[in-house]
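Written below as C-alpha cells is the structure these notes are about.
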Amino acid sequence: MRLQPIYDIAELCARQGIHQAVVCPGSRCAPLTLGFARHEEITCRTFSDERSAAFVALGIAQQTSMPTVLVCTSGSAAYNFAPAVAEAFFQEIPLLIFTADRPKEWIDQLDGQTIRQHNIYGAHVKKSFELPADYSHPDSVWYLNRIVNEAIIAAQEYPKGPVHINVPLREPLYPETNETITFSKNYKVVSVSKSVVSLSKRDEKELTEALAGFTKVLLVAGQQDYHEGLVKALEKFCKVNKIALVGDIISNLHAVSNSIHYADVFLASCSDSVKISLQPDLLITVGKSVISKNLKLFIRNYSPKQHWHIQPSGIAADTFQSLTRIIHCDPKIFFEGLSSTPQLDKFELQKKDNYAKLWKAEEHRTQRSYQSYFSTTEFTELTSLKEIIPALPQRCNLHLANSMSVRYANLIGISEKNKGIHVFSNRGTSGIDGCTSTAVGHALISDVPNILLTGDLAFFYDRNAFWNNYAIPNLRVIVINNKGGVIFNLIDGPGNIPEKEEYFITHQHRTADHLCKEFGFEYLKVDSIKKLKTSLKDFFTFDGKTKIMEIMSDQKSAKESFNQFKKHIKQAYES
C-alpha cells in the first residue's frame with residue numbers, strides 16, 4: 001500500500017504512549033487524518049479553527065503530561081498553529097505537530113495552498129523535521145520511522161516542548177474505494193531509558209554547607225504544575241532551614257504553610273528601608289516565569305550575593321539579573337536532599353528565622369489590610385473575585401486568562417487549605433489568544449471541574465474554542481466584562497495618552513448572552529454582590545451543562561476600585 005508508511009505514524013505514536021490527537025479539516029492531510037482517526041488506541045478530535053485547535057491540543061498535553069498530536073493541511077493553516085506552538089515552547093509542553101505539504105518541486109510554483117513550510121516555526125520548536133515525499137525504497141521507510149521516533153523522544157526530553165514534522169504528500173491522497181487501512185505489526189519503536197537527575201553525595205554535602213553560611217535566604221518559585229511531592233519537600237526544606245518562600249498563584253505552592261502570597265502587593269507599597277531589610281544574601285529559584293513585576297524589580301534592585309537556580313538540565317533564564325549558579329537536579333530531590341537539620345547553633349538558626357519572619361510580618365500586615373478592604377459590600381471586580389475564588393470546588397483546575405484576570409487572581413490568592421485547586425495559565429507568551437481553547441482542552445480530557453476566569457477581550461477573541469462538536473459539561477467560565485482592555489487604564493503609559501480609548505482599551509459592547517444561546521450554554525448575569533452570592537451554588541453545581549457567568553462591570557468603576565485597593569494597602573505603610 002503506497003501510503004502505508006504514513007498510516008503507520010499513528011501506530012508508532014500509540015506504541016510510544018501517545019493516545020490523543022487533534023486534527024483540523026483539510027485534503028492534503030487526509031492520509032495523516034485517516035491514520036489517526038482509524039487507530040483504535042487514539043482518541044481523535046477535529047476542530048475547524050487551527051489557532052483554537054492548537055491551544056486545545058496544548059491543554060490536552062498539559063493535562064496528560066504526554067505529547068498531543070496536532071495535524072493540519074498545507075498552506076496558511078500551519079501558520080495558525082504558531083501562537084500555541086510558541087506558548088508550548090516557553091511553557092515546556094510537549095506537542096507533536098504534523099503539517100501536510102506539497103512535494104518540494106511544487107513550492108514557489110503558484111500551486112494552491114502552497115507556502116514555504118520548512119522550519120516554519122523557527123526557534124519556537126525544539127526540533128523541526130521533514131519527511132521524504134516518496135516511500136518506494138526501504139531506506140525511505142526506515143528514515144521516516146527514525147524521524148518520527150526522534151521527534152517523539154525530543155518532545156518528551158527535558159525541557160519538554162513542541163516538535164514539528166513537515167510531511168510532503170503526493171496525490172492521490174485518499175485510499176481506493178474498497179481499500180482497508182491497517183497498521184504494520186512488526187514496527188520499530190525506539191525507547192529511551194529515563195533517569196532522574198540527582199545530586200551526588202559530594203555535591204549535596206557542599207551545597208548543604210554553603211547554604212548554612214547564608215543568614216538571609218529567599219526562595220522564589222515561578223510557574224509550575226502542581227506536584228504533591230514537591231510541595232511536601234519544599235515545606236520541610238523551608239521549615240528546617242528557616243527560609244522564606246515566595247510564590248505567585250501560578251507556582252501552585254499555595255498548599256505550603258507560611259508561604260508568601262502577597263509579595264507583589266506589599267513590595268509595591270513598602271518603603272526603601274523595608275526593602276533593604278528584605279534583601280536576601282542567597283536567592284534560590286525554581287520553576288519558570290513569575291507574574292509579579294514588583295518582585296522582579298525588587299530583586300534586580302536589591303541583588304543577592306548569590307543566586308542558585310534548580311532545574312534538571314540546560315541553561316537557565318537570568319530573570320532577576322543575579323544568577324550565579326545553575327544546579328542540575330530534579331527540584332524535589334534537591335529540596336529533600338538539603339532538608340536535614342543544619343549543623344548550626346541556636347544563635348545562627350535564630351538569625352535565619354528572624355529574616356524569614358520579616359517576610360511573614362509584611363505578609364501579615366497585608367492580610368490585615370485585605371480584611372479591612374474586603375469587609376465592604378461594594379460590588380467591584382475585585383470583591384466579586386474575593387467571593388468566587390474561596391467558593392471554588394475543593395478539587396478543580398483553575399485557568400487564568402491574561403491580562404488582568406491572572407493579576408486579579410494573584411491579588412486574591414488561594415488559601416493553604418485549598419490544595420486541590422491546580423492553577424494553569426498561558427504565561428509562556430502571556431497572550432490572550434488561546435486562553436479559552438486551552439481550558440477547553442483540559443476540560444475534554446480531565447474528569448474534574450475546570451474553571452476559567454477571563455476578561456471580555458480574551459473571551460471574545462477566542463470564541464471559536466466552543467466551535468466544535470464535543471460536550472464540555474465540566475467547564476465553567478467566569479467573564480469579567482468591563483467592555484474593553486481595562487489593563488491599559490491601569491498601567492503607566494497608555495493610561496495617560498489621549499488615544500487610549502480607541503487604540504489601546506478598544507471598547508466593545510458585546511455580552512456573553514448571545515454566545516450562550518448560540519452554543520446552548522447556561523448563562524448567568526451578575527451585577528451585584530447579592531446576586532453573585534445567590535448564583536454561586538447553582539453555578540458550581542455540575543449537572544451536565546456548560547455554564548458561563550458574566551460579571552458586569554465598566555472601565556470607570558474598575559479603575560477606581562483598583563486604585564482604591566492600592567491606596568488602601570499604601571495607607572497601612574504610611575499610618
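The numbers here are math on the coordinates, done by the rules we state, and not lab data. It should be emphasised that the depicted structure is a prediction, and the values quoted were computed from it without experimental measurement. We place every Cβ from the backbone using ideal geometry, glycine too, and count neighbours over all the protein chains shown.
Averaging the inverse of every distinct alpha carbon separation and then flipping it gives the Kirkwood radius. What is it for segment 293-403, in angstrom units?
About 18.7 Å, per the Kirkwood formula over Cα pairs.
Quick one: check the C-alpha center-to-center distance for segment 530-549 versus segment 255-292, whole angstrom.
Rounded to whole Å, the Cα centres lie 35 Å apart.
Listing Asp538, Asp433 from the residue with the fewest other Cβ atoms within 10 Å to the one with the most, what is the order?
Going from least to most buried by this count: Asp538, Asp433.
For segment 188-204, what does the Karplus curve 6.51 cos²θ - 1.76 cosθ + 1.60, with θ = phi - 60°, yield as ³J(HN,Hα) per residue in whole Hz, taken in order and with x for Gly and Pro?
With the stated coefficients, segment 188-204 comes to 6, 10, 9, 10, 10, 6, 7, 10, 8, 7, 10, 8, 6, 4, 5, 5, 4 Hz.
Give the peptides 405-414, 325-334, 86-95 in descending order of average Cβ contacts within 10 Å, highest first.
My ranking of the peptides, most packed first, is 86-95, 405-414, 325-334.
Could you check the spin-label model distance between Ala361 and Gln109? Points 7 Å from the Cα along Cα→Cβ, value in nm.
Placing both labels 7 Å beyond Cα along the Cβ direction yields 7.7 nm.
Calculate one ³J(HN,Hα) per residue across segment 558-563 by plugging θ = phi - 60° into the Karplus curve 6.51 cos²θ - 1.76 cosθ + 1.60, and present them in order as whole Hz with x for glycine and proline.
Rounded to whole hertz, the list is 4, 5, 4, 5, 5, 5.
Angle between the Cα long axis of helix 50-64 and the longest principal axis of the chain, 0 to 90 degrees, nearest 10?
70 degrees
Select from segment 161-246 those trypsin sites (Lys or Arg not before Pro) which occupy a DSSP coil region and have at most 16 other Cβ atoms within 10 Å, ordered by residue number. Could you put the intermediate results ahead of the total?
Working: sites: Arg170, Lys185, Lys188, Lys194, Lys201, Arg202, Lys205, Lys216, Lys232, Lys236, Lys239, Lys242; in loops: Arg170, Lys185, Lys188, Lys194, Lys216, Lys242.
When the trypsin sites (Lys or Arg not before Pro) of segment 161-246 are filtered for loop state and at most 16 Cβ neighbours within 10 Å, Arg170, Lys185, Lys188, Lys194 remain.
Give me the one-decimal nm value for the distance between modelled label points at Gln508 and Glu560, 7 Å along each residue's Cα-to-Cβ direction.
For the pair Gln508/Glu560, the computed spacing is 2.5 nm.
How fast does segment 380-452 diffuse by Stokes-Einstein, in µm²/s, taking the Kirkwood radius from C-alpha pairs at 25 °C and 0.890 mPa s?
After rounding, the answer is 193 µm²/s.
List, in order, the whole-Hz ³J(HN,Hα) value for each residue of segment 211-220 obtained from phi through the Karplus relation with A = 6.51, B = -1.76, C = 1.60 and θ = phi - 60°; use x for Gly and Pro.
Result, rounded to whole Hz: 4, 5, x, 9, 8, 9, 10, 10, 10, 10.
If you look at just the Cα atoms of segment 201-371, how large are its Rg and its Dmax in Å?
Every Cα atom of segment 201-371 included, Rg and Dmax give 15.0, 48 Å.
Which semi-axes, in whole Å and largest first, does the equivalent ellipsoid of segment 375-558 have when worked out from the alpha carbon gyration tensor as the square roots of 5 times its eigenvalues?
After diagonalising the Cα gyration tensor, the semi-axes are 25, 19, 17 Å.
Expressed in nm to one decimal, what extension gain is obtained for the pair Ser191 and Lys570 from 0.36 nm per residue of sequence separation less their Cα-Cα distance? Can you show the working numbers first?
Working: separation 379, 0.36 × 379 = 136.44 nm, distance 5.69 nm.
130.7 nm is the gain from fully extending Ser191 to Lys570.
Could you give the C-alpha radius of gyration of segment 152-234 expressed as a fraction of 2.2 N^0.38 Å, taking N as the number of residues it contains?
My calculation over the Cα atoms of segment 152-234 gives 2.06.
Over segment 4-168, what number does the Rg to Rh ratio reach, with both radii from the alpha-carbon atoms and Rh per Kirkwood?
0.93
List every residue whose amide H lies under 5 Å from the amide H of Thr46, counting only residues 5 or more places away in sequence or on a different chain, with H placed 1.01 Å from N in the peptide plane.
The answer is Val23.
Where does helix 138-156 land angle-wise versus the long Cα axis of the chain, in degrees 0 to 90, nearest 10?
Approximately 10 degrees, to the nearest 10.
Would you work out the Kirkwood radius for the chain? I mean one over the mean of 1/r across all pairs of different Cα atoms, in Å.
Evaluated over the chain, this radius sits at 25.7 Å.
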